[in-house]
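One structure is given here, and the rest of the page talks about it.
The values are calculated or read from the model by the stated rules, or taken from the named source; none is laboratory data. Keep in mind the model is a prediction, meaning the values are calculated, not measured. FYI the Cβ positions are ideal-geometry reconstructions off the backbone, even for glycines, and counts take in every protein chain you see. Only protein heavy atoms, including side chains, enter the accessible area calculation; ligands, DNA and RNA are left aside. Shrake-Rupley method; radii C 1.70, N 1.55, O 1.52, S 1.80 Å.
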Amino acid sequence: MAEWDAVFVGSGINSLVGSAVLARAGWRVCVLERNDWAGGNLLTREITLPGFRHDVLSGWHPLFTGSPGYAEMGAELAQRGLHYLNTDYPTATLFPDGSAAFLSTSGEANLEEFERLAPGDGHAWRQFTDEFGHKAELAFGLLGTELWSLSGLSLVGRWLLRLGRESSLEFGAEMLAAARHWLAETFQSRRIHGLLAPWVLHTGLGPDAAGSGFMLQVIAAALQMGGMPVPQGGGARLAQALVRLIEDRGGLVQTEREVARVLLRDGQAVGVRLASGEEIYAERAVICSVTPTQLYLHLLSEAAPVPPRTIQQARRFRYGRADMQVHLALSEPPQWPGEDGRFAQTAMIHVTPGLDAVSRAVNQAERGLLPEEGTIVVGQPMAVDPSRAPEGCWILWIQLQELPSRPRGDAAGRLDCSEGAWTESLRECYADRVIERLSLQIPNLKRSILKRVALSPADLERLNVNLVGGDPYGGACSLDQTFLWRPLAGSPHHRTPVGRLYHIGASTHPGPGLHGTSGYLVAKQLLRGNWLGPWWGK
């Protein structure tokens, strides 16, 4: 008899949520992590100076606090030290001329703000949120259901009956539309376009990509409904609380335990072999939170019962644009423009000229160029959680999502990209460009910087093997690699061709984001007793 019922490979949010659900139900679970911390992209460290606690990778948790996993386990996580803080101002955009647009958690305040920007746009926002409210169950259901299953079929069937043929076709067309089209058709103000368009980047898409309009609507509505919560003390508090819950229920989470191979017997997964040679067995399931490349080309041997077309699709799996992080420890809060103080209360600020600039930067990055004027995502954890830095000081969490994994040139024609890779010199030069742009609008920025730490796409991949090429979203999120086609067109769900082997993580449905949904879905499938069921389409 195996020591464990289920073994999880990797300790990202999906593994921790899935293993916690199983442990609460009495399963013996073991989570194995190759790094020296549990949590994957949940990593809080004093990487600049003592007392400055930075979320090194992921930093914001609106998707998790709205997830079924949090609804089910939130009270138990709170008992283990997880406490969320929030703000009335989840996001804003700062434009080059110093003007700004804000989105709050108040529908009335947003109506007033949008009317200020363009008469009629406030009422357009209210109409959007009202209409989205009627379709929210379907929208979030698509992102929280195993689509290639009876549950997915039931979801579609219910909504076909509820909406009718014409409305269903209209909703389907809306799902395929680009964000640019939705913004242009809904709002007159270019400031509102610039406020909302950068959020498409957080889905791994660009504003002109098919399906980006639907994803933008989901995020826009979610920001008003849920804000931008963060755990008090740092994002790692979520991982720590989940680990405590797992271990309190008899499970085990181990770090520095690299898995080299999934063990098979009679065509089914029965455990894993570590890089050290040790073998760990699972009686019911092996669940891997990895990319398709890792799973099918490295963790499974050539003798595994995997169809050749699945191997071919894994080889062709595409990764998306790269990400870069810049962390700043400041001696004082930034002096943002404006006199109403809203910037100091805003969790995430995008600095961009607007929709066209976002589109242009995405286009340049996808052609292998460093954008001349990329979107600067400025996260302010201190606006929500003052415990992150010494009194009177501040930290900034900066993300740059429009970058190539292998730079072939600089759209501005100033930086040397001749090596075709992210060198330390190129990383720091690009970070300098970002700071120069920010300092034009934050006059005290340069003098208040106590220390800066930048992480290039290459640095991010070294931190987490799943961030291939610095892609933070587990693979390109274009339409052919999402919904029914994620992770692979021939394996569009969390089961694999190998019995008792499951695939979770950002590379699988419903895709990237700190929500834990794929781990939750697989755990619920296992608890229903269909872990021995056939692989649909094998």
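Per-structure values
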item: In segment 82-95, residue nearest to residue 244 (Cα to Cα) [restricted to those that are outside any strand (DSSP E or B) and open to solvent by less than 30 Å² (accessible area, probe 1.4 Å)]; result: 82
item: Verdict on residue 108 being crowded, with 17+ Cβ neighbours inside 10 Å, among the acidic types (Asp, Glu) and assigned to a helix (DSSP H, G or I); result: no
item: Single match in 511, 469 (criterion: closer than 29 Å to residue 406 by Cα, open to solvent by less than 10 Å² (accessible area, probe 1.4 Å) and either free of Cβ contacts under 8 Å to residues at least 12 places away in the same chain or not in a strand (DSSP E or B) (or both)); result: 511
item: Pairs, first on the phi > 0 side of the Ramachandran plot in segment 274-303, second in a strand (DSSP E or B), C-beta under 9 Å, six or more apart; result: 277/260
item: Test: residue 40 is under 20 Å from residue 232 (Cα atoms) and either in a helix (DSSP H, G or I) or of a type in the set (Ser, Thr, Tyr) (or both); result: no
item: Segment 391-406 - residue that is more than 22 Å from residue 342 (Cα to Cα) and in a loop (DSSP other than H, G, I, E, B) and, of those, farthest from the chain's Cα centre (by Cα); result: 406
item: Residue pairs meeting the criteria (Cβ under 7 Å; at least 6 apart or on separate chains; first under 17 Å from residue 218 (Cα atoms), in segment 167-178; second open to solvent by 60 Å² or more (accessible area, probe 1.4 Å) and in a loop (DSSP other than H, G, I, E, B)); result: 178/208
item: Meets criteria (surrounded by 24 or more Cβ atoms within 10 Å (Cβ to Cβ), more than 30 Å from residue 140 (Cα to Cα) and in contact (Cβ under 8 Å) with a residue 12 or more places away in the chain) for residue 61; result: no
item: Selection status of residue 320, in contact (Cβ under 8 Å) with a residue 24 or more places away in the chain, within 26 Å of residue 226 (Cα to Cα), assigned to a loop (DSSP other than H, G, I, E, B) and among the small types (Gly, Ala, Ser); result: no
item: Which numbered condition residue 118 fails, given (1) of a type outside the set (Asp, Glu); (2) surrounded by 13 or more Cβ atoms within 10 Å (Cβ to Cβ); (3) closer than 29 Å to residue 495 by Cα; result: (3)
item: Qualifying residue in segment 318-325 (condition: within 18 Å of residue 102 (Cβ to Cβ) and buried (at least 24 other Cβ atoms within 10 Å of the Cβ)); result: no
item: Selection status of residue 336, aromatic (Phe, Trp, Tyr), in contact with a helix residue (DSSP H, G or I) (Cβ under 7 Å, 6 or more places away or on another chain) and under 25 Å from residue 462 (Cα atoms); result: no
item: Criterion: farther than 30 Å from residue 363 by Cα and without any contact (Cβ under 8 Å) to a residue 40 or more places away in the chain - qualifying residue of 309, 265, 237; result: 265
item: Matching residues in segment 478-492 - criterion: being in a loop (DSSP other than H, G, I, E, B) and surrounded by fewer than 24 Cβ atoms within 10 Å (Cβ to Cβ); result: 478, 482, 489, 490, 492
item: So residue 257, is it closer than 28 Å to residue 75 by Cβ and either open to solvent by 10 Å² or more (accessible area, probe 1.4 Å) or in contact (Cβ under 8 Å) with a residue 40 or more places away in the chain (or both); result: no
item: Out of 419, 436, sole residue that is surrounded by fewer than 18 Cβ atoms within 10 Å (Cβ to Cβ), free of Cβ contacts under 8 Å to residues at least 12 places away in the same chain and outside any helix (DSSP H, G or I); result: 419
